[in-house]
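One structure is given below, encoded as structure tokens.
The values are calculated or read from the model by the stated rules, or taken from the named source; none is laboratory data. All of these numbers come straight from a predicted model, not from anything done at the bench. Heads up, the Cβs are rebuilt from the backbone with ideal geometry, glycines too, and the neighbour counts pull from every protein chain shown.
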Amino acid sequence: MNPPQGGSSASSLPRWMTFGICLVLLSSTYLVPVSATYPNEKRTIGINYGRLGDNLPTAKETVQLIRNLGIGRVRIFDHDGPTIKAFAGSGLDFIIGMGNDEIPPLANDPSAADAWVAANVVPYYPATNIVYIMVGNELFANADLSATWLKVVPAIQNIYKSLMNRNLSSIHVSTAAEFGILTNSFPPSQGVFRSNVATDVMIPLLKHLDATHSYLFVNVYPYFAWAANTQSIPLDYALFSRNSTLTTDGKNEYTNLLDAQLDAMAAAMAGVGYGNVRIALSETGWPTIGDSTEAGANIHNAKTYNQCLVKHILSNPTKGTPLRPGIFIPTFIFALFNENEKPGPTTERNWGLLYPDGKPVYPIDIKSYSETVSGSPDAGTASPGVAGLTGNRCNGKPSVLPMGASFLGSVFNLRI
């Protein structure tokens, strides 16, 4: 039976419960060396295609909606055959996944992993351009699954061996980890993995990813960091709309929260000896609607964050982050659709770029920043049916917070 479809539903906990605030340690800074053996990536944005809704378009209809947006990569959270097949011949890079409950059998039995590949990859590849298999999602957020934590690397290794035996070496295997695997994230150069995952999980995982030139995928949401610290973290810092440095970490200067979070992850990886493994951003985004207690969830902020994210990630030349300058970070926006069957607070059902009828929740221009489109990245040319963002709107004033929340705008030492 396939796992639940869509969003972070492959995880036992929703994103809003996986955020943790980290303690401050002493500061230092360095550049993290990154291996040059990774293939060149197309400068294009990915999307998380969740399907927890009773009113969503068919997968075939969805392919065209994604192409119209100018998106080049798609991630689903399961391995639903008809959905994978619908993307055959689309030209889109495709990531499939599995539920956390599927991991133990694949770890315990190489033949089970081979059967999984035979059933969920072989019938669809290469017509559908499967490029990654995600073994679980936000697994380390749930202490009740701690026994499964030790299974994720053996499962990854068994699936990888099956792919190699079938001459499918272009397909990589990884997992999508939550940002909460860090016990400290500020200052960024002092990022540290939690003690209960550092030695037994992260070191063997990173060792495998390093050997196979694969990415560590991480789910990072500046929204949750800001929402938990509205009096300490300026909203414009979380939204990419700040035009001056807020945080200085040694020689590194940070104008946005996402870069600081990604560099904290990079520093933690370097701290256990694997600073050369690259990072991919498997989930990030901003909600458009929230409950009365969910500050900042509105269309203006979501549009600002995601449009500025696109401009930042797809910059030409590639910006990277202060710890990893010039290194491209494959990025997947969460999410494609608003999904009305997702559990949890109101924000969980309102992360989409599109309504279920395919109309945009707000205008966003992805296509004109993508490598696959000719012309200047700053031209502001819109995708079909999607209004463009002309000029530089990523250094403007953020919206007034909804739901009566207050924003003091004070700048304190940042905890992320």
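Please enumerate the residues belonging to region 356-370 that are within 21 Å of Asn340 (Cβ to Cβ) and of a type in the set (Asp, Glu). Selection gives Asp357 alone. Search region 348-372 for residues that are surrounded by 21 or more Cβ atoms within 10 Å (Cβ to Cβ) and in a loop (DSSP other than H, G, I, E, B) and pair each with any residue that is aromatic (Phe, Trp, Tyr) and at pLDDT 95 or above when their beta-carbon atoms are under 9 Å apart and the residues are at least 6 apart or on different chains. Listed by first residue and then by second, the contacts come to Trp351/Trp286; Trp351/Phe334; Trp351/Phe337; Gly352/Phe334; Gly352/Phe337; Leu353/Phe337; Leu353/Tyr362. Scanning region 122-162 for residues that are over 15 Å from the mean Cα position of the chain (by Cα), over 21 Å from Ser195 (Cα atoms) and among the aromatic types (Phe, Trp, Tyr) yields Tyr124, Tyr125, Tyr160.
Restricting Leu336, Leu314, Leu323 to those that are modelled with pLDDT of 95 or more and within 16 Å of Arg43 (Cα to Cα) reduces the list to Leu314.
Which one of these does Asn40 not meet: (1) closer than 18 Å to Ala88 by Cβ; (2) surrounded by fewer than 23 Cβ atoms within 10 Å (Cβ to Cβ); (3) of a type outside the set (D, E, K, R)? Against the list (1) closer than 18 Å to Ala88 by Cβ; (2) surrounded by fewer than 23 Cβ atoms within 10 Å (Cβ to Cβ); (3) of a type outside the set (D, E, K, R), Asn40 comes up short only on (1).
Does Pro322 satisfy being touching a Leu at 6+ places or on another chain (Cβ under 9 Å), part of a loop (DSSP other than H, G, I, E, B) and touching a residue at least 12 places away in the same chain (Cβ under 8 Å)? Considered against the rule, which asks whether it is touching a Leu at 6+ places or on another chain (Cβ under 9 Å), part of a loop (DSSP other than H, G, I, E, B) and touching a residue at least 12 places away in the same chain (Cβ under 8 Å), Pro322 comes out as yes. Examine region 152-166 for a residue that is part of a helix (DSSP H, G or I) and either without any contact (Cβ under 8 Å) to a residue 24 or more places away in the chain or aromatic (Phe, Trp, Tyr) (or both), and state whether such a residue exists. Checked region 152-166: at least one residue is part of a helix (DSSP H, G or I) and either without any contact (Cβ under 8 Å) to a residue 24 or more places away in the chain or aromatic (Phe, Trp, Tyr) (or both).
Quickly run through region 149-177 and pick out the residues that are among the β-branched types (Val, Ile, Thr) and out of contact with any Gly (no Cβ under 8 Å at 6 or more places or on another chain). Within region 149-177, Val153, Ile156, Ile159, Ile171, Val173 meet the criteria. Residues in region 63-91 that are buried (at least 22 other Cβ atoms within 10 Å of the Cβ) and either within 23 Å of Ile156 (Cβ to Cβ) or in contact with a helix residue (DSSP H, G or I) (Cβ under 8 Å, 6 or more places away or on another chain) (or both): Leu69, Gly70, Arg73, Val74, Arg75, Ile76, Phe77, Asp78, His79, Thr83, Ile84, Phe87.
Determine if region 235-253 includes at least one residue that is hydrophobic (A, V, I, L, M, F, W, C) and more than 20 Å from the chain's Cα centre (by Cα). The answer is yes; a qualifying residue exists. Look at region 90-113: where a residue is modelled with pLDDT under 95, no partner that is in a strand (DSSP E or B) and crowded, with 21+ Cβ neighbours inside 10 Å sits 6+ places away or on another chain with Cβ atoms under 8 Å. Has region 163-180 got at least one residue that is farther than 30 Å from Asn306 by Cα and either under 19 Å from the mean Cα position of the chain (by Cα) or buried (at least 20 other Cβ atoms within 10 Å of the Cβ) (or both)? Within region 163-180, one or more residues are farther than 30 Å from Asn306 by Cα and either under 19 Å from the mean Cα position of the chain (by Cα) or buried (at least 20 other Cβ atoms within 10 Å of the Cβ) (or both).
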